[in-house]
Amino acid sequence: MKVVLLAGGFGTRISEESVFKPKPMIEIGGMPILWHIMKEYEHYGHTEFIICAGYKQEYIKEWFANYYLFKSDISFDYRNGKNEIIVHTNACEPWKVTVVDTGYNTMTGGRIKRIQPYIGNETFLMTYGDGVCDVDINQRIAFHKSHGKKATLTAVKMGLDKGVLDITKEMAVKSFREKNIKDGAPINAGYMVFEPDIFDYLEGDHQALEREPLERLAAEGELMSYVHEGFWQCMDNIREKMMLERLLLEDKAPWKKWEQSVPKY
């Protein structure tokens, strides 16, 4: 299945770095978080990617244009007035990557609508370009096929970020404890599976996928959730970036299921 990656937003909450590059290209462990997400999908056999670019889309295109060069041992032979390039060894992943400029201010639904010609009439995978997860992607696909609906999203629980109070009617604090993940409501973590019917729910650049399209699918009973109780983490700010960096440095990154080491600073 083709994998669609949303990578066109401004990343304003991590503007310390996104002012220079698109948020999905911000590095953890020396490689863009987008690369980590692609490695997750490759681990499960999915190697054809469509990147919905927008803000600083030229950065993404340049990065992939140079990726083969940077992953190769190469000789440049200028003798006898020639400019010959000889590739000796190459360690590139077996990926096909299509980078599409889906517009500067386009919303998430509009970005997906714009890549319809690259999908055709196929079931496809989609996720956001700023979060990593250890979900079993093929189990999620099997779940999607089992229910026969038009869309499946991956749901995770996020813990509250404040202490939890048990308060009586008289406003006395009966108990206090630190928050935990059981206190949070399920949220949409991305890692979705869509039937091509999703394009019928998308109208134009102004439309956010998470509003009318998913709300309409839910109202029609066509949206299912695959509940994931493992690891998921987005990278919205520098604190979260440093947390992901630390997991990689300590070799405790749950999403890293591939054998190849991640370059370190």
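The values are calculated or read from the model by the stated rules, or taken from the named source; none is laboratory data. Please read these numbers as outputs of a predicted model, since none were measured by experiment. In this analysis, Cβ positions are derived from the backbone assuming ideal geometry, glycine residues included, and neighbour counts consider all displayed protein chains.
Side notes on the structure shown:
- Qualifying residues in region 215-237 (those that are of a type in the set (A, V, I, L, M) and over 18 Å from the mean Cα position of the chain (by Cα)) - the one nearest to ALA253 (Cα to Cα): MET224
- Index of the failed condition, LYS82 passing every other in (1) at pLDDT 90 or above; (2) among the basic types (Lys, Arg); (3) farther than 23 Å from TRP258 by Cα: (1)
- Those residues of region 62-75 which are surrounded by fewer than 16 Cβ atoms within 10 Å (Cβ to Cβ) and either at positive phi or in contact with a strand residue (DSSP E or B) (Cβ under 8 Å, 6 or more places away or on another chain) (or both), in sequence order: TYR68, LYS71, SER72, ASP73, ILE74, SER75
- Residue in region 20-40 that is small (Gly, Ala, Ser) and modelled with pLDDT under 95 present: yes
- Criterion (under 16 Å from TYR128 (Cα atoms) and not small (Gly, Ala, Ser)) met by exactly one of LYS241, LYS257, LYS252: LYS241
- Qualifying positions in region 92-118 - part of a helix (DSSP H, G or I) and either among the acidic types (Asp, Glu) or closer than 17 Å to TYR128 by Cβ (or both): THR108, GLY109, GLY110, ARG111, ILE112, LYS113, ARG114
- Filtered by the rule that a residue be among the aliphatic types (A, V, I, L, M) and part of a strand (DSSP E or B), region 206-265 gives LEU223, MET224, VAL227.
- The single residue among ASN105, ASN121 that is in contact (Cβ under 8 Å) with a residue 60 or more places away in the chain, surrounded by fewer than 13 Cβ atoms within 10 Å (Cβ to Cβ) and within 24 Å of GLY54 (Cα to Cα) turns out to be ASN105.
- Residue in region 11-24 that is touching a Phe, Trp or Tyr at 6+ places or on another chain (Cβ under 6 Å), surrounded by 16 or more Cβ atoms within 10 Å (Cβ to Cβ), within 28 Å of PRO254 (Cα to Cα) and of a type outside the set (Val, Ile, Thr) present: yes
- Taken together, TYR59, TYR68 contain a single residue that is out of contact with any Phe, Trp or Tyr (no Cβ under 8 Å at 6 or more places or on another chain) and at pLDDT below 95, which is TYR68.
- Taking region 32-69 as the range and being closer than 25 Å to ASP205 by Cβ, in a helix (DSSP H, G or I) and without any contact (Cβ under 8 Å) to a residue 60 or more places away in the chain as the test, the residues that pass are GLN57, GLU58, TYR59, ILE60, LYS61, GLU62, TRP63, PHE64.
- Total residues in region 219-250 satisfying the condition of being farther than 15 Å from VAL156 by Cβ and among the β-branched types (Val, Ile, Thr): the figure is 1.
- Residues located in region 214-233, provided they are farther than 28 Å from HIS36 by Cα and buried (at least 16 other Cβ atoms within 10 Å of the Cβ): LEU217, GLU222
- Selection within region 3-25 - in contact with a strand residue (DSSP E or B) (Cβ under 7 Å, 6 or more places away or on another chain) and either part of a helix (DSSP H, G or I) or among the acidic types (Asp, Glu) (or both): PRO24, MET25
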